[in-house]
Amino acid sequence: MAILLKHARVVDPRNGRDGEFDVRIDNGVVAAVGKGLPVDGATVIALPAGTVITPGLIDMHVHLREPGQEHKETIATGAAAAVAGGFTAVACMPNTDPVNDHAAITDLIKLKAREAGLARVYPIGAVSRGSKGEQLTEIAELRQAGCVALSDDGRPVATSLLMRRALEYAGMFGMPIIDHCEDPSLKGDGVAHEGYHAARLGLRGIPGEAEELWIERDITLAGMTHGIFHVAHMSTAGSLRAVRNGKSRGIRVTTEVAPHHFVLTDEALEGYDTNVKMNPPLRSDIDRDALIAGLADGSIDVIATDHAPHHRDEKHVEFDRAPFGITGLETCVSLTFDRLVHRGVIPLRRMVELLSVNPSAILRVPGGSLSEGVPADITILAPDLAVTVDVAAMKSRSKNTPFGGWTLRGGIVGTIVGGELKYANSLAPGGDALAAGFAR
């Protein structure tokens, strides 16, 4: 089957494209990108003016919960949320039950992803057995099974020696170590950012320095080992300073920021809504503004959602007792458009770098471009679409988002994976035409 997408703006930073081009998909791959491409038997889908075609978006930090926590999310429901959010691929963290610390769990995740047949799913293996911080996993086995990175996410890599060994061994396979950077002794039993709002509300605080100290440790060890270190869900101005310093010294450090950390601050704690409880916590406006500046100037490499679904009953408790985390796959694009692109913080090209090009490069997975011959993983965007976040309509099994009811500017038209349409938004201009064209 051949499809010819016409009249859209193509934003493909890796190939230096930003303008109106046709995109031809043939047998699941990008066959050609150019102006005035001939039909040659293809089904023509004329997209509305203003529509944007990009390489498929990649979320390199999600929690799909399966195996063991299917009441929160399954690989199938998480993959459905991914394509509804415009993501053609996701990388899933290993804090499942049991932990993804050996090849059998990795194989199960890949099998469930194939059965779902939606977004591509790249497993991330655990750094330590059971993520207990004691003994390294069999890194070669995890790599061979298909893991693209290593992390004990949900827990920081426990000791400097363990982190050193992980960087050394993973580096031999070109795999990054993704660390949840947090000094457990400084975090203690904190539940919110240590500052005015937590103090006023009587909530135990987590200082930003708990994150910053751990990042400094890991950057130092990455420099020592020449390993590849990626900072998960960075949240403070001090952490950004540390990353900038590491990069300036030639250390192989990259970082990501989640949308909730560049949109919200700890002021959102007012009301004790457990849907604003996440780890790292929402920080001060100074931290939020620093992250926005880092996204604009290139210091920050990736926007990742840290999609962390929890069952309603788990969140419907006192703030102190609720689990950390919110969903993010289905709100990320709209929040990024609304708060960064349309406010002139970053251009659309930079958004594509943050959400597609750079995740692909860091994880060394296919994607990030619309080069001829690559799998046709494509996201189609409507930058001016008015989107009201409808929690009940979300594809994720869990609905723990603080953005319910928000109206944002910018959204998804459709998501194509391997040349197959996996999601079409009937509320977006061109969504119905996209669905009809692929159904022929």
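General observations
- Residues satisfying the stated conditions in segment 51-65, i.e. crowded, with 24+ Cβ neighbours inside 10 Å and outside any loop (DSSP other than H, G, I, E, B): ILE53, THR54, PRO55, LEU57, ILE58, ASP59, MET60, HIS61, VAL62
- Selection status of ASP266, charged (D, E, K, R) and either over 29 Å from LEU136 (Cβ atoms) or not assigned by TED's automatic domain parsing to the domain that holds PHE324 (or both): yes
- Subset of segment 303-354 (residues that are under 19 Å from GLY405 (Cα atoms), under 18 Å from the mean Cα position of the chain (by Cα) and of a type in the set (Lys, Arg)): ARG339
- Contact annotation: residue pairs with Cβ atoms under 9 Å, 6 or more positions apart or on different chains, pairing a residue in segment 102-126 that is within 23 Å of LEU162 (Cα to Cα) and outside any helix (DSSP H, G or I) with a partner that is of a type in the set (Asp, Glu) and modelled with pLDDT under 95, are ILE124/ASP153; ALA126/ASP153.
- Single residue of segment 342-367 satisfying the filter (in contact with a Leu (Cβ under 6 Å, 6 or more places away or on another chain) and in contact (Cβ under 8 Å) with a residue 60 or more places away in the chain) that is surrounded by the fewest Cβ atoms within 10 Å (Cβ to Cβ): LEU355
- Pairs meeting the criteria (first residue in segment 384-401 and over 14 Å from GLY85 (Cβ atoms), second residue hydroxyl-bearing (Ser, Thr, Tyr) and assigned to a strand (DSSP E or B), beta carbons under 6 Å, at least 6 apart or on different chains) are THR388/THR407.
- Every residue from segment 202-223 that is in contact with a Lys or Arg (Cβ under 7 Å, 6 or more places away or on another chain), among the hydrophobic types (A, V, I, L, M, F, W, C) and assigned to a helix (DSSP H, G or I): ALA210, LEU221, ALA222
- Counting only residues that are of a type in the set (A, V, I, L, M) and touching a Pro at 6+ places or on another chain (Cβ under 9 Å), segment 356-397 holds 9 of them.
- Condition met for MET234 (farther than 24 Å from GLU318 by Cα, out of contact with any helix residue (DSSP H, G or I) (no Cβ under 6 Å at 6 or more places or on another chain) and crowded, with 23+ Cβ neighbours inside 10 Å): yes
- Answer from THR74, THR43, THR54 - the residue that is in contact with a helix residue (DSSP H, G or I) (Cβ under 8 Å, 6 or more places away or on another chain), among the hydroxyl-bearing types (Ser, Thr, Tyr) and farther than 20 Å from LEU118 by Cβ: THR43
- Qualifying residue in segment 256-266 (condition: among the charged types (D, E, K, R), within 19 Å of GLU209 (Cα to Cα) and within 18 Å of the chain's Cα centre (by Cα)): yes
- Any hit, segment 356-374, residues being modelled with pLDDT of 95 or more, outside the structural domain of ALA119 (by TED's automatic domain parsing) and assigned to a strand (DSSP E or B): no
- Every condition in (1) in contact with a Leu (Cβ under 6 Å, 6 or more places away or on another chain); (2) in contact (Cβ under 8 Å) with a residue 40 or more places away in the chain; (3) among the hydrophobic types (A, V, I, L, M, F, W, C) is met by VAL243 except one, and the failing one is (1).
The values are calculated or read from the model by the stated rules, or taken from the named source; none is laboratory data. Remember, predicted model here, so these are calculated numbers, not experimental data. All Cβ positions, even for glycine, are placed from backbone atoms using ideal geometry, and neighbour counts span all protein chains on display.
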